[in-house]
Amino acid sequence: VTSGRAADVAIVGGGVIGLALARELAGRGRRVVVLERGETAQEASWAAAGLLSAQSDVGVPGAFFDLAIESRALYPAWASDLEAETGEAVGYRATGLVRCAFDAGESEALRGFLWQRERGLPLEWWDAPVLAARFGGALSPDVRSGLFFPEEGVVDPRKLTRARGVSVRVRGVEVRSRTAARRFWIEDGRCLGVETEGGRLAADAVVDAAGAWAAFDRELPFAVPVEPVRGQIVELDLGGSAPDTVVHSEAVYLAPQGGGRVLVGSTLERAGFARVVTAGALGALLESAARLWPAVRTARFVTAWAGLRPGTPDGLPILGDCGIRGLYFAAGHFRNGILLAPVTARKIADLLTGGAASPDLASFRVGRFRSGRAGPSPVSGPGVFR
Ligand SMILES: Cc1cc2nc3c(=O)[nH]c(=O)nc-3n(C[C@H](O)[C@H](O)[C@H](O)COP(=O)(O)OP(=O)(O)OC[C@H]3O[C@@H](n4cnc5c(N)ncnc54)[C@H](O)[C@@H]3O)c2cc1C
């Protein structure tokens, strides 16, 4: 059974990545269908803190760093276009971000970011007197140095995906909620569409943007080593004691959301698909946060949640074509999917509408995992993920 009209592009997954790509493609005149197993934007993209940390998270030069910087640069216009189109605010703010060091070892690790100056990227070294002048007594006096990244920012992921949902509907994208893709429809080495419980959807191109579930088709002739990495977040109301910039230690970050609200995140846990909040994680997050920003101890607890990041063995996303004609990936964005949504949408849309793979996607193709049909690579011990 073939259900409905054929699409130019079928996208599996209605998170920030699938919706951003759908919007971009519809803006280029393509007929797009998004298949979403549940409701759109209820998984990782709902759970994210919304840090746009390109310089302060990646740290090492290379294709991934370049991708992150390119995406951050797209953000201001991307956010304001979306707001103008939908009338919905998305909470984008260039707050800056300070990474804090408690001891000589952590200070030394911060020096590892200083190469970015040679790239013309702004950073400021803040020693203890500068930190005291900037934050008064709000920051722990135990912090001995900091590195400030003035161009980092935040967005509100829930507002962002809600606006994106409005935008794709305005642009004529068909979003099929409660419609799970069961497998890709592949014949003679070509992907012809997607098989769902309601039948087949024919499409000229299919994009797997299914987040932590991107390996849902176990019959593909290659492994898609994406697996869930749980993150937990606590929301606090710090009132007038909230920081006005993102404050980050080795262990934790405080991300201001406006109105005194602060998100404290996040854990990195390999616990399968169990999207639960645990007492131990909340205790550890709050303890680390209070060590950095003592007012946390008297903050009002608002809520807490968990989400599943789409992790890959090398911590890098899976982008582009895969050797099966008509099948593409936009998955595995791990800790940076909110940041990387604009650049992913643009580059995958370029690939689908222009035909040629952009050379800067080469290092992100799924073909880099040449482990045969063994399934997702086992992830062993801490440190495998950045
Ligand atoms: C606690 C936490 C904090 C984070 N903080 C940040 C941050 O500060 N900055 C940042 O940039 N990133 C952050 N991230 C990472 C970011 O959330 C993810 O990288 C991003 O949301 C991934 O988007 P996605 O669209 O690929 O996945 P998702 O949002 O998970 O969307 C995938 C969608 O696919 C659907 N789906 C799955 N299987 C099927 C199927 N078979 N058929 C149809 N639909 C299917 C799912 O229901 C889901 O809606 C954080 C993540 C977590 C969990």
* From the list 77, 41, pick out the single residue that is free of Cβ contacts under 8 Å to residues at least 40 places away in the same chain, among the hydrophobic types (A, V, I, L, M, F, W, C) and more than 27 Å from residue 292 (Cβ to Cβ). => 77
* Right, residue 121: touching a strand residue (DSSP E or B) at 6+ places or on another chain (Cβ under 6 Å), crowded, with 16+ Cβ neighbours inside 10 Å and farther than 30 Å from residue 210 by Cβ or not? -> no
* To do: Kindly indicate whether residue 251 is within 13 Å of the ligand (Cβ to nearest atom), of a type outside the set (Val, Ile, Thr) and at pLDDT 95 or above.
  => no
* Any pair with Cβ under 6 angstrom, 6 or more apart, that starts in region 305-331 at a residue that is on the phi > 0 side of the Ramachandran plot and ends at one that is of a type outside the set (A, V, I, L, M, F, W, C) -> 315/386; 320/365; 326/190
* To do: Sort out which residues of region 205-244 are within 9 Å of the ligand (Cβ to nearest atom) and out of contact with any strand residue (DSSP E or B) (no Cβ under 6 Å at 6 or more places or on another chain), and write them in order of number.
  => 213, 216
* Here are 280, 320: which of them is part of a strand (DSSP E or B) and modelled with pLDDT of 95 or more? -> 320
* Asked: Hey, any hits in region 338-350 for a residue that's in contact with a Pro (Cβ under 6 Å, 6 or more places away or on another chain) and either of a type in the set (Phe, Trp, Tyr) or assigned to a helix (DSSP H, G or I) (or both)?
  -> yes
* To do: Could you please find all residues in region 136-168 being within 16 Å of the ligand (Cβ to nearest atom) and farther than 24 Å from residue 98 by Cβ?
  => 158, 159, 161, 162, 163, 164, 165, 167, 168
* Structure fact -> In region 170-196, anything of a type outside the set (Ser, Thr, Tyr), assigned to a loop (DSSP other than H, G, I, E, B), closer than 21 Å to residue 42 by Cα and more than 8 Å from the ligand (Cβ to nearest atom) is listed as 173, 178
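Restricting to region 70-117, what's the tally of residues that are aromatic (Phe, Trp, Tyr) and in contact with a Gly (Cβ under 8 Å, 6 or more places away or on another chain)?
3
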* Go over the candidates 230, 261 one by one and state the one that is within 26 Å of the chain's Cα centre (by Cα) and surrounded by fewer than 21 Cβ atoms within 10 Å (Cβ to Cβ). => 261
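Grab the helices (runs of 4 or more DSSP H) fully contained in region 60-154, keeping just those with 1 or more residues being closer than 29 Å to residue 20 by Cα and not aromatic (Phe, Trp, Tyr). Explain how you work it out, then say what you get.
On the way: elements: 63-86, 104-111, 128-135.
Answer list for region 60-154: 63-86.
Restricting to region 264-274, and then to whatever is assigned to a loop (DSSP other than H, G, I, E, B) and surrounded by fewer than 18 Cβ atoms within 10 Å (Cβ to Cβ), can you tell me which residue is nearest to the ligand (Cβ to nearest atom)?
Initial filter on region 264-274 (assigned to a loop (DSSP other than H, G, I, E, B)): 266-268, 270, 272, 274.
Among the residues that remain, those that are also surrounded by fewer than 18 Cβ atoms within 10 Å (Cβ to Cβ) are: 268, 270, 272, 274.
Numbers: 268: 9, 270: 13, 272: 14, 274: 13 Å.
The residue in question is 268.
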* Out of region 19-37, which residues are in contact with a strand residue (DSSP E or B) (Cβ under 6 Å, 6 or more places away or on another chain) and not aliphatic (A, V, I, L, M)? -> 30, 31
* Return the residue satisfying two criteria in turn: it lies in region 1-58 and is closer than 21 Å to residue 92 by Cβ and part of a strand (DSSP E or B), and of such residues it is farthest from the ligand (Cβ to nearest atom). => 52
* To do: Give the residue, chosen from 101, 77, that is of a type in the set (A, V, I, L, M) and buried (at least 18 other Cβ atoms within 10 Å of the Cβ).
  => 101
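The values are calculated or read from the model by the stated rules, or taken from the named source; none is laboratory data. Predicted, not measured: the structure shown is a model, and the values here were computed from it. Cβ: placed from backbone, ideal geometry, glycine included. Neighbour counts: every protein chain shown.
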